[in-house]
Amino acid sequence: MKYLLVILIVFGAYHWYTNNYQKQKGFTGVSHDQLIMYSLTTCGYCKRKSKELRSAGIKFVEYYIDKNSKKREELNQKLSKSRFPPRSYGTPIFDAYGYMLLDNPPVSEILSLKHGS
């Protein structure tokens, strides 16, 4: 019975998280025509998302924030401008045409922000 209760609590927390954080987007204040992916060199999700975008023929620029401190600072400034609270976010993180998308968003969500879609 204890295990069932723990499973239900974890499932509820996950469901709450995905509804409240994963689908959030914030405008940076600057609209542009570029898709930027902020990644970590050790991130398996980042590698999979990169392959997924390439397979779909989606052009993007990828920056590794664990190797490039200027891009890490750029990312932090964009998150701040987008009014995301300071905390650790999962990677990859996208600047999709001026909108910040956190915690490995689905490709459909990324493309929904493209100009002219």
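The values are calculated or read from the model by the stated rules, or taken from the named source; none is laboratory data. Predicted model, so just to flag it, every value in this text is computed and none were measured. Cβ placement follows ideal geometry from the backbone for every residue including glycine, while neighbour counts extend to all protein chains displayed. Note: accessible area is taken over every heavy atom of the protein model, side chains too, but ligands, DNA and RNA are not part of it. Shrake-Rupley method; radii C 1.70, N 1.55, O 1.52, S 1.80 Å.
If a residue must be of a type in the set (Ser, Thr, Tyr) and not in a helix (DSSP H, G or I), how many such residues does segment 41-60 contain?
At the first step, the residues of segment 41-60 found to be of a type in the set (Ser, Thr, Tyr) are 41-42, 45, 50, 55.
The next check asks that each one be not in a helix (DSSP H, G or I); those that pass are 41-42.
Residues meeting the conditions: 2.
Consider segment 79-103 and keep the residues that are in contact (Cβ under 8 Å) with a residue 60 or more places away in the chain and touching a Gly at 6+ places or on another chain (Cβ under 9 Å). The one that is farthest from Gly26 (Cα to Cα) is Asp103.
Considering segment 18-35, the residues that are modelled with pLDDT under 60 and open to solvent by 70 Å² or more (accessible area, probe 1.4 Å) include one that is farthest from Glu73 (Cα to Cα), namely Asn19. Of the residues making up segment 97-109, those that are under 9 Å from the mean Cα position of the chain (by Cα) and not in a loop (DSSP other than H, G, I, E, B) are Met100, Leu101. Of the residues making up segment 49-75, those that are among the basic types (Lys, Arg) and under 16 Å from Leu113 (Cβ atoms) are Lys49, Lys59. Just so you know, in segment 66-108 the residues that are of a type in the set (Ser, Thr, Tyr) and at negative phi include one that is surrounded by the fewest Cβ atoms within 10 Å (Cβ to Cβ), and it is Ser88.
Among the listed residues Tyr38, Tyr63, which satisfies the condition of being open to solvent by less than 70 Å² (accessible area, probe 1.4 Å), touching a Leu at 6+ places or on another chain (Cβ under 7 Å) and assigned to a strand (DSSP E or B)? Before you say what the answer is, go through the steps one by one.
On the way: Tyr63 fails: touching a Leu at 6+ places or on another chain (Cβ under 7 Å).
Within the list Tyr38, Tyr63, the selection yields Tyr38.
Within segment 76-96, restricting attention to residues that are closer than 17 Å to Leu113 by Cβ and assigned to a helix (DSSP H, G or I), the residue that is farthest from the chain's Cα centre (by Cα) is Lys81. Scoring Cys43 on the criteria (1) closer than 15 Å to Val107 by Cα; (2) of a type outside the set (Asp, Glu); (3) buried (at least 17 other Cβ atoms within 10 Å of the Cβ) leaves a single failure, condition (1).
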